[in-house]
Amino acid sequence: MTRRVTADNLGGWILKCNPSLTELPELVAHGVETWCVQDNYRSAIFAAGQPVFLWVSGSSGATPEPGIHAVGEIRGPAYWATKYVVPLSLRFLGDPLPRTEIAAQPALSTLEVLRQPHMSNPSFATIPEAGALRRLLAESLR
């Protein structure tokens, strides 16, 4: 079986947040220390220091606007609590990076979260895709 995500192509994890199921303002106000993920081969390769992007899902024109709302890093391997979770640290962005801006970038046309928006956590970005996301984020902070 061929695995899409390996240590050789992983640029960063993309964890999805459905704002109709999660109180996003509460997360922004109080922070996040863990995130729910599926117990699978992907979550088995989480390691401290790996980059993570928090993707807020939703339809076009939704509030909050779909796209990347936080960045951070994985703090350790996933584990079972009352559900399977990964420890992480996140910094919420003052101005999220909208999905429309991300989707307009040719370097991000194959981004898994755009191609398979209903896939469960975790999703991922390849090394080139994560680099393109970081460049977009840096530009949006100027």
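Could you check the stretch 84-142 for helices (runs of 4 or more DSSP H) lying wholly inside it with 1 or more residues that are closer than 23 Å to Arg42 by Cα?
Correct list: 112-115, 127-140.
If you check Ser109, Ser57 for being under 16 Å from Asn18 (Cα atoms) and of a type in the set (Gly, Ala, Ser), only one passes: Ser57. Scanning the stretch 63-84 for residues that are of a type in the set (Val, Ile, Thr) and crowded, with 17+ Cβ neighbours inside 10 Å, we see that the one that is farthest from Pro128 (Cα to Cα) is Ile74.
Tell me which residues, restricted to the stretch 1-51, are part of a loop (DSSP other than H, G, I, E, B), crowded, with 17+ Cβ neighbours inside 10 Å and at pLDDT 95 or above.
Of the residues in the stretch 1-51, the ones part of a loop (DSSP other than H, G, I, E, B) are 1-9, 18-23, 31-33, 37-42, 46-50.
If we keep only those that are crowded, with 17+ Cβ neighbours inside 10 Å as well, we get 5, 19, 32, 37, 42, 46, 50.
Result: Val37, Phe46, Gln50.
Take the residues in the stretch 97-114 that are of a type in the set (D, E, K, R) and surrounded by fewer than 19 Cβ atoms within 10 Å (Cβ to Cβ); name whichever of them is nearest to the chain's Cα centre (by Cα). Result: Glu112. For Ala125, the stated conditions do not hold, so it cannot be described as out of contact with any helix residue (DSSP H, G or I) (no Cβ under 9 Å at 6 or more places or on another chain) and either free of Cβ contacts under 8 Å to residues at least 60 places away in the same chain or on the phi < 0 side of the Ramachandran plot (or both). Apart from one condition, Trp13 fits all of (1) under 17 Å from Glu129 (Cα atoms); (2) touching a residue at least 24 places away in the same chain (Cβ under 8 Å); (3) out of contact with any strand residue (DSSP E or B) (no Cβ under 6 Å at 6 or more places or on another chain); the exception is (3).
Test Gly76 against the stated conditions and say whether it is in a loop (DSSP other than H, G, I, E, B), without any contact (Cβ under 8 Å) to a residue 40 or more places away in the chain and closer than 23 Å to Phe46 by Cα. Yes: the conditions hold for Gly76. Being under 22 Å from Pro19 (Cα atoms), free of Cβ contacts under 8 Å to residues at least 12 places away in the same chain and not hydroxyl-bearing (Ser, Thr, Tyr) is true for just one of His118, His69. Which residue is that? Matching residue, one of His118, His69: His118. Scanning the stretch 101-140 for residues that are within 28 Å of Pro25 (Cβ to Cβ) and touching an Asp or Glu at 6+ places or on another chain (Cβ under 8 Å) gives Leu108, Leu111, Met119, Ser123, Phe124, Ala125, Leu136, Ser140.
Just to be sure before I move on: is Trp55 closer than 18 Å to Thr82 by Cβ and within 15 Å of the chain's Cα centre (by Cα) in the structure I sent?
Criteria not met by Trp55.
The values are calculated or read from the model by the stated rules, or taken from the named source; none is laboratory data. The shown structure was predicted, so the numbers you read here are calculated from the model rather than taken from an experiment. Note: ideal-geometry Cβ built from the backbone for every residue, glycine included; neighbour counts use all protein chains shown.
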